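Everything on this sheet refers to the single structure shown next.
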Amino acid sequence: MSKKFKEILIDIQYLTMSEQEKYLDDFIESWKKGVEQIDDILIIGVRL
């Protein structure tokens with residue numbers, strides 16, 4: 001999963017921060033497939 005996640009971050013780096021947030025929210029929801037989340041997820045974005 002971490003390799004796929006890194007690829008996603010590279011693919012969305014040119015989107016705005018809000019577009020990245022929406023994309024990642026949608027991706028995580030589809031990845032969970034309705035299963036209850038048991039671990040915390042933290043993603044921090046930094047604008048340079």
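The values are calculated or read from the model by the stated rules, or taken from the named source; none is laboratory data. These numbers were taken from a predicted model, which means no experiment stands behind them. All Cβ positions, even for glycine, are placed from backbone atoms using ideal geometry, and neighbour counts span all protein chains on display.
Would it be correct to say that Q13 is in contact with a Gly (Cβ under 9 Å, 6 or more places away or on another chain) and without any contact (Cβ under 8 Å) to a residue 40 or more places away in the chain?
Against the criterion (in contact with a Gly (Cβ under 9 Å, 6 or more places away or on another chain) and without any contact (Cβ under 8 Å) to a residue 40 or more places away in the chain), Q13 does not qualify.
Out of (1) in a helix (DSSP H, G or I); (2) modelled with pLDDT of 90 or more; (3) under 10 Å from the mean Cα position of the chain (by Cα), the odd one out for E7 is which?
Every listed condition holds for E7 apart from (3).
Applying the selection to the stretch 32-44, what residues are loosely packed, with under 10 Cβ neighbours inside 10 Å and of a type outside the set (K, R)?
Within the stretch 32-44, G34, V35, E36, Q37, I38, D39, D40, I41, L42, I44 meet the criteria.
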